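Chemist: Questions regarding the structure given below will be posed in turn.
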Amino acid sequence: MKVEITVNGEHTSHDVEPRTLLAHYLRENLGLKATNIGCDTTSCGACTVLVDGESVKSCTVLAVQADQQSVTTMEGLEGAAQGELGHPVTKAFREEHGLQCGFCTPGMVMSAISLIDENPDLTEKDVREGLEGNLCRCTGYHNIVRAVLVAAGKDPDAAQAAEAGSGERTTAPGFSTGEGDK
């Protein structure tokens, strides 16, 4: 089948098998390697991209389902193709040390962009719940949450203090702060 997808602002057109996953299309047909494949079951979120502005786990979306749509990958963010961190979310990840090995980073960043677009008035709890479908095996999430809050224009220290003082649970189940769940 022929698919025509606008990827990172550029029109692409390829013949693909009907069962080709979007993640494989991006990596194999277009050579966009930031879209990582960690599980093929939507469990890890490493393959998250934006399809028409919505975060999508590309390991369970067929390329034909993205036909005539716009896809943004980590490489498509401002400056990313030149190795620069020009997007506010990527800058915040760097400044707040929200990355370590980097495997989950593209998926985390793409999910964070969608999350901020959907709810610009994020709380720490919103971030933890919104990123719960993305796994990181290195950081414990604390700095990732801080980075998303900074990218959303929030003071992460004030957000954490406000939620800690409210008496509400401050972590989503399974999404650790790295400091013990409260």
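Chemist: Given a 1.4 angstrom probe, I'd like the percentage of the accessible area of the chain that is carbon and sulfur, rounded to a whole number.
Modeler: Details: 4060 of 8680 Å².
Looking at the chain in its full context, I get 47 percent from C and S.
Chemist: If each DSSP helix of 4+ residues adds -39,500 (n - 2.57) and the sum is divided by the residues in the chain, what number results at 222 nm, nearest 500 deg cm²/dmol?
Modeler: On the way: 5 runs with 50 residues, N = 182.
Theoretical 222 nm ellipticity from helices: -8000 deg cm²/dmol.
Chemist: Check THR48: other-chain or 5+ apart residues with amide H under 5 Å from its amide H, H built from backbone geometry?
Modeler: Amide H neighbours of THR48: SER58, GLY107.
Chemist: Using only Cα positions of the stretch 31-128, each an equal point scatterer, no hydration layer, compute I(q)/I(0) via Debye at q = 0.11, 0.20, 0.24 Å⁻¹ and quote the log10 values to two decimals.
Modeler: Debye curve over Cα of the stretch 31-128, log10 I(q)/I(0) at q = 0.11, 0.20, 0.24 Å⁻¹: -0.31, -1.06, -1.46.
Chemist: Counting alpha carbon pairs within less than 8 Å and at least 6 residues apart, what relative contact order, in whole percent, applies to the chain? All intermediate terms of the calculation are to be shown ahead of the outcome.
Modeler: Values: 332 pairs, mean separation 36.8, N = 182.
Reported relative contact order: 20 percent.
Chemist: Right, another one. May I have the convex hull volume per residue, in Å³, for the Cα set of the chain? Spell out each step's value before the answer.
Modeler: Details: hull volume 19.0 nm³, N = 182.
Convex hull of Cα atoms, per residue: 104 Å³.
Chemist: Taking 0.36 nm per residue of sequence separation and subtracting the Cα-Cα distance, how much length would be gained by fully extending the chain between ASP67 and GLU118, in nm to one decimal?
Modeler: Working: separation 51, 0.36 × 51 = 18.36 nm, distance 2.36 nm.
Result for the pair: 16.0 nm of gain on full extension.
Chemist: Here's another thing I want to ask about it. Provide the per-residue ³J(HN,Hα) series for the stretch 29-44, in order, calculated from phi with Karplus coefficients 6.51, -1.76, 1.60 and θ = phi - 60°, each as a whole number of Hz, with x at glycine and proline positions.
Modeler: Coupling constants for the stretch 29-44: 7, 10, x, 8, 8, 6, 6, 8, 10, x, 8, 6, 9, 6, 7, 9 Hz.
Chemist: Shifting gears a bit: Calculate the dipole size of the chain relative to its Cα centre from +1 charges on Lys and Arg beta carbons and -1 charges on Asp and Glu beta carbons; express the result in debye to the nearest 20.
Modeler: So the dipole magnitude of the chain works out to roughly 480 debye.
The values are calculated or read from the model by the stated rules, or taken from the named source; none is laboratory data. All values derive from a computational prediction rather than experimental measurement. FYI the Cβ positions are ideal-geometry reconstructions off the backbone, even for glycines, and counts take in every protein chain you see. Quick note on the areas: whole protein, heavy atoms, side chains included, nothing else; ligands and nucleic acids left out. Shrake-Rupley method; radii C 1.70, N 1.55, O 1.52, S 1.80 Å.
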